Amino acid sequence: MKKNPKIIVGNWKMNPQTLDEAKRIARGVKKTAEEVKKVITIMCPPTVFTSAVASLSNNRYLYTGVQNIFTETHGAYTGEISADMARNAGARFVIVGHSERRRMGETDAVVNKKILLALTSGLNPIICIGEENHDRDGHYLSVIKEQVHAALQNVALVDIPRIVIAYEPIWAVGADKAMNAHDVHVMTILIRKTIIDLYKLRKQPKQIHIPVLYGGSVDPTNTAGILTEGSADGLLVGRQSLDPKAFSDILRIANAA
Ligand code: PGA
């Protein structure tokens, strides 16, 4: 059986400050992204740079995403951006429910609404889930299950192949160290099983693959372990995605994993 491609997402967050710098990063990533044929790369710049970055990407190997959309389709919502706008600016993916946005007050219900709107507009949602604490008594297991259930409420089975899950334990985001590969493995299995049970996928005639990515302090030194021992289908990379050299290293390691 042919292996599914790895999915590597670069979340630039609120960086860089100029269009020139955004283009420089995108060009640096593009070169490697188009060489590594076993990897799909998705760059998620700040929304104002979407068109510029998308004009350098959107081919089989390299796509552009946005980091957020609003919960309504149009109208009097000063400062917000709709799913259609993002799609029309060239985005093909959208990060939904990042922990930094949940911290600003985004609830599970809001996350779910954004996912449904993204799907309607032709954007593929990258859904972030993750526990605040990896506590000893295993409470995080039910936290993760509940987040998956809430995010996928009313998402039709036909749309499941368009979903990407990014498991990002909050304590590992922007931290010194990633989660260890063994724990990543346990969590990716739990998340896949949760979705399989929710949609009764074992009973479906066609096998449906749900990519489960890992995010949180990914760098070139931990990439291979998370993808192999950790059995993640890809990575959501923050800080290291702004450095085209480090990010290209991550892409090459993922291609070989
Ligand atoms: P980090 O961020 O790689 O800088 O930890 C990951 C993320 O927030 O998606």
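What a 1.4 Å probe finds exposed on the chain is 54% carbon and sulfur by accessible area, rounded to a whole percent.
The residues of the chain have, on average, 48 Å² of accessible surface per residue, using a 1.4 Å probe with all protein chains present.
With semi-axes defined as the square roots of five times the eigenvalues of the C-alpha gyration tensor, the equivalent ellipsoid of the chain measures 25, 23, 18 Å, largest first. Using Cβ point charges alone (K and R +1, D and E -1), the dipole size of segment 6-256 about the Cα centre works out to roughly 900 debye. As a calculated quantity, the FRET efficiency between His139 and Ala175 at R0 = 25 Å, using C-beta atoms, amounts to about 0.80.
Pop the C-beta distance of Thr78 and Asn58 into the FRET formula with R0 = 41 Å and round what comes out to the nearest 0.05. If you can, show how the numbers build up before the last one.
Values: r = 29 Å, r/R0 = 0.71.
FRET efficiency, Thr78 to Asn58: 0.90.
For Glu146 and Ala256, the FRET efficiency from 1/(1 + (r/R0)^6), where r spans their Cβ atoms and R0 equals 35 Å, is about 0.45. Relative to the compact-globule estimate of 2.2 N^0.38 Å, the Cα radius of gyration of segment 1-108 comes out at 1.12.
Taken over segment 54-199, the ratio of Cα radius of gyration to 2.2 N^0.38 Å equals 1.08. Greater than 29 Å separation of Cα atoms is the criterion. Which listed pairs, Lys31/Lys145; Lys38/Lys193; Lys31/Lys200; Lys38/Lys177; Lys38/Lys206; Lys30/Lys113, meet it? Too far apart for the 29 Å limit: Lys31/Lys145; Lys31/Lys200; Lys30/Lys113. Projecting label points 7 angstrom from Cα along Cα→Cβ for Thr120 and Thr47 puts them 1.7 nm apart. Ordering Asn133, Val110, Leu152 by the projection of their Cα atoms onto the charge dipole of segment 6-256, which places +1 on the Cβ of Lys and Arg and -1 on the Cβ of Asp and Glu, puts Leu152 at the extreme positive end. For Leu62, the accessible area of its heavy atoms, probed at 1.4 Å with every protein chain present, is near 0 square angstrom. Taking every alpha-carbon pair under 8 Å whose residues sit at least 6 apart, segment 6-256 reaches a relative contact order of 22 percent.
The values are calculated or read from the model by the stated rules, or taken from the named source; none is laboratory data. Computed from a prediction, not measured in an experiment: that's the story for all the values here. Heads up, the Cβs are rebuilt from the backbone with ideal geometry, glycines too, and the neighbour counts pull from every protein chain shown. The accessibility values were calculated without ligands, DNA or RNA, using every heavy atom of the protein model including side chains. Shrake-Rupley method; radii C 1.70, N 1.55, O 1.52, S 1.80 Å.
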